[in-house]
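Here is the structure we will look at, set down as structure tokens.
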Amino acid sequence: MVLEKDIPKFVEWVGPAFFSYLLGLAVFAVVVGGVAWLVQTVLYGPMAAGDRVYHGAVGLVGDLGRVSWRRVTAMTRLAVKESLRKNVLVALGLFAVVLLFAGWFLDPSSVNPGRLYLGFILTSTNLLVCLVVLVLAAFSLPADIKAKAIQTVTTKPVRTIEIVLGRFLGFSAIGTASLLVMGLAGWAFVVRSVAHEHLLTQEDLEDVAAADGSLAGYRGRTSFRQGHRHWVELGPEGSGRTDVAQGHRHAVRARESADGKRVFEVGPPEGLLEARRPLRGRLTFRDRDGSPSAKGISVGAEWGYRQYIEGSTLAAAIWTFEGIDERDFPDGLPLEMIIRVFRTHKGDIEKGIGGSVRVRNPRTQVETAPFYFTAKEFTIDSIMIPRQVAVTSPEGGTRQVDLFDELVDRKSEAVGPADAGGGGKGRIEVVLQCLVPAQYFGVAQADFYLLAGNGSFALNYLKSCLGIWFSMLLVAAIGVTFSTFLSGPVAVLATLSVLLVGQVREFLSRWYESLVTGDATIVPGGGPIESLYRIITQVSITLELEETPAVLAMKAVDTLLVSPMRLLAAVFPSLGSLGTGEFVASGFDIPLDLIAEHSLETLGYVLPCIVLGAVFLKAREVAS
Amino acid sequence: MRVSDRGGAPELETEGLLVNPGTEKNLVAAANAAGSSSEIVVETRNLSKVYRDFWGRSKKVALKPLDLQIRRGEIFGLLGPNGSGKTTTLKLLLGLIFPSTGEAVVFGRDATEVSKNERIGYLPEESYLYKFLDAEETLDFYGRLFDMPPEERRRRATALIEMVGLTRDRKRQLKEYSKGMTRRIGVAQALINDPELILLDEPTSGLDPIGTREMKDLILDLKARGKTVIMSSHLLADVEDVCDRIAVLHQGELKELGRVEDLLRVTDTTQVRARGLPPAALEELREVCRKFGGTEIEVGNPTITLEDLFLEVVRDADARPGRRASQPRS
Ligand SMILES: Nc1ncnc2c1ncn2[C@@H]1O[C@H](COP(=O)(O)OP(=O)(O)O)[C@@H](O)[C@H]1O
Ligand SMILES: [Mg+2]
């Protein structure tokens, strides 16, 4: 899973985020007020315009204080009834069709079927729920205005904020109900789709002899199901585990059947639907001469997320993990890593690229002997660092030590005072190297972690549905807001555009970073004008442009554009960043911090949207 | 509205509905019920409306500056041909559209203020209701908008549905209703809050003679309960039958304003009415008239009808645009 930024701790995030939110809101309010004043000035002259804007603002604050829940719920019920009587159930039918379709064309024998199914189900649920809500929200109010039913409503003592809020709640309720149904159906679909069993009989197995000729165990292959089979290695008593194929393995147990024969039971797939809780570290690099460097190697015009280390040199990637508690890892440190391999020559394609991992105490620099592994692409490699490890002594030779005694640094200033009981949290370094000459390992900070535990997959799925729920709320709010002053189809388009701008938010901040740092590799190709020029003249984005006056002028304009564009984009919500389907599909637990942040972010957009919608509706002659 | 089975005139069954004893505002209303008081309920000052398009360009001058004062307990009629600005005036009073100049004041507050709606009932030109609701749900919905507690909502909804004679159809969605039925539920909706001021836009349009009659009775009944009613119509008979005062609009301009009797009284003509006079007496009457210098002596034809007045105003307005109501009529 790609995780470009660390997920900040909620308590650290909330303060600054709230401050910049208020700032943004204030700027936005001033801009809206200014535009309203300008428009009114054209119609009524500057003084009267100022008066109107002032009274509008005062009236709005008054309205906010006078909201009646009975009226709001009346509008909510109306919206729900309207949706139900206008056949939203069609959307659920559509979802059923999607499931049928998915069952037919999704390939259960793919490399990682759990990921495929989850990704598909969550994406289509998200899309359908948001689409249904968007259409309902965007078309309802314009239809009311067109049919003039709104006139009967606004001549009752109902405030525009109640109309907008009520509608928003109504469509959100419909969205929530659809999400519940789709979520449950999707869950059942995924669980059923990835579930499978293999058969294993005595005939599939051959004996494995130990050095002394006694029976060491059995070896063989399971039956072929869902496009794969597993190798199994069993102990002499007949139990063990299969190897990992398609992202999962099975446990195998032997028992005696009634007629005295030995029967093997292959358990359900493990590791397909998981919610791993990673403890992530901070990544630094050593270059090929072994000296510290901020970055690895970039292997071409690839996106800077992943850095590469060269094989068979001193180049290394080093993760520093903090907050390691003996009580959390009583059996040692389970390391998991997702490593990309970049081959400069084909080598033996079957064999995979070997690498090594060493654990090091950052203070004393005491280091374990290397653990070797072979990097498999697209799967998670795991290594268990046991409690008792061999370290190389300065005098030469190795000695066995306890991981937490010698390798975990619990004394440094950076760590803080150790617990009285001696089991305080500590710091550790893990060093990764590639062992094959002229081949490279690609690593990213998030791709190498300690498995701190496993959460419940069901809960994780629920959390992901919560992410969809946030998106749905956002879409409902924006849709309703636009529908207060635009016609239905235009409101749909406007909402989609806002969400689209939100999608490029990340990109714009990268571009900003690229300009500020002068590092053209962050966003190759420059700003909008330069990019346009490159598209027309067909100059590759990696080529430096010749510094002619025209090019310099172009770049200057781009530089001028960056700040307003970034500001604008920062104002727009990003549905992409609310989505947490990627976590679930990749089998990672969604951090609660992230959910808390997303919930506040959603609220932060929804509330002003509703107020804005109320303002628009109030400023509008609903009867003309 | 229910026609009573006593065979006489249609009678409204509004028991315990429009008068809500015990509330202070109804006591005030009852005190004023005897006739129109001096309290001004609606006032417009220099009120005008120009419809504009998106770019702010003027599309239509729908109402030229209008000054009106409507008192509590009055039935005020807005009379005028189609497109004369009646609906525009009502919408301005309701705050549904905003004035281009001047202001509309309702219950002493600006017409765009929402809180005034607590005391207002409005029946639009056509009943603009939610077609997917049934009659009960409709009244319940609007009752909620008045923040009424459930018990009161249920009571009023039942009584109003009974009153407008939709009891049997109360569970049917409005999209199945006929025009007359839609109008009835529209009336019920407008009265859900027992309003003090009721604005009716063309209340009798599209109704059959019985429905029209019931509507007029309802209006008179509202007056009897001290309510103020402003209605618009292009149907002269309606206005003549129920209105205390009328304003005649033509192309957005006020042409006539006053009490109906005053407007229809022909001041330079004398009418004598008697029963059972022999033809000789008629001849003698003519003689007397001639003796006092009377001309064009006629018997019968006591007043002009409102229709005459209406046509005259329209004809006159076409011939001499710009004449205002304040100017004496020729
Ligand atoms: N929303 C509008 N936009 C432009 N012109 C309008 C609008 N509403 C009404 N008008 C025009 O204003 C004039 C008065 O309309 P209206 O008040 O509805 O008349 P009435 O109710 O007396 O029949 C008409 O000429 C009508 O065409
Ligand atoms: Mg009209």
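The values are calculated or read from the model by the stated rules, or taken from the named source; none is laboratory data. Keep in mind that what you see is a predicted model, and the values were worked out from it rather than measured. Cβ atoms come from the backbone with ideal geometry, glycine included; neighbour counts cover every protein chain shown. To get the accessible areas, we keep the full protein, side chains included, count just its heavy atoms, and leave off ligands, DNA and RNA. Shrake-Rupley method; radii C 1.70, N 1.55, O 1.52, S 1.80 Å.
Observations on the model:
- Region B:101-114, subset within 10 Å of chain A (Cβ to nearest Cβ) and out of contact with any strand residue (DSSP E or B) (no Cβ under 7 Å at 6 or more places or on another chain), residue least open to solvent (accessible area, probe 1.4 Å): B:Val114
- Screening B:Phe98 with (1) within 16 Å of ligand 1 (Cβ to nearest atom); (2) open to solvent by less than 30 Å² (accessible area, probe 1.4 Å) gives one miss only, at (2).
- Per the listing A:Val389, A:Val341, the residue uniquely touching a residue at least 12 places away in the same chain (Cβ under 8 Å), open to solvent by less than 10 Å² (accessible area, probe 1.4 Å), of a type outside the set (S, T, N, Q) and part of a strand (DSSP E or B) is A:Val389.
- The set of residues in region A:75-122 that are polar (S, T, N, Q), in a helix (DSSP H, G or I) and touching a Gly at 6+ places or on another chain (Cβ under 6 Å) contains only A:Thr76.
- Total residues in region A:65-74 satisfying the condition of being more than 9 Å from chain B (Cβ to nearest Cβ) and outside any helix (DSSP H, G or I): the figure is 1.
- Inter-residue pairs, beta-carbon under 6 Å, first closer than 10 Å to B:Phe76 by Cβ and in region B:229-240, second basic (Lys, Arg), 6+ apart: B:Ser232/B:Lys86
- Lone unmet requirement of (1) more than 14 Å from chain A (Cβ to nearest Cβ); (2) away from ligand 1 (no atom under 16 Å from the Cβ); (3) open to solvent by 10 Å² or more (accessible area, probe 1.4 Å); (4) closer than 26 Å to B:Asp217 by Cα for B:Glu118: (1)
- Filter pass, B:Arg183 being open to solvent by less than 30 Å² (accessible area, probe 1.4 Å), more than 9 Å from every other protein chain (Cβ to nearest Cβ) and either within 30 Å of B:Val313 (Cα to Cα) or within 16 Å of ligand 2 (Cβ to nearest atom) (or both): yes
Residue by residue, here is whether (1) modelled with pLDDT under 90; (2) buried (at least 22 other Cβ atoms within 10 Å of the Cβ) holds:
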position	(1), (2)
B:Ala190	no, yes
B:Glu202	no, yes
B:Pro209	yes, no
B:Lys216	yes, no
B:Leu220	no, no
B:Arg225	no, no
B:Met231	no, yes
B:Leu235	yes, no
B:Leu249	no, yes
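- B:Thr88 within 16 Å of ligand 1 (Cβ to nearest atom), at negative phi and either more than 9 Å from chain A (Cβ to nearest Cβ) or in contact (Cβ under 8 Å) with a residue 40 or more places away in the chain (or both): yes
- B:Glu137 vs. criteria open to solvent by 30 Å² or more (accessible area, probe 1.4 Å), within 11 Å of another protein chain (Cβ to nearest Cβ), at pLDDT 90 or above and not in a loop (DSSP other than H, G, I, E, B): yes
- Subset of region B:145-168 (residues that are at the interface with chain A (Cβ under 8 Å from one of its Cβ atoms) and crowded, with 24+ Cβ neighbours inside 10 Å): B:Leu145
- Some residue of region A:171-192 being farther than 30 Å from A:Trp469 by Cα and surrounded by 15 or more Cβ atoms within 10 Å (Cβ to Cβ): no
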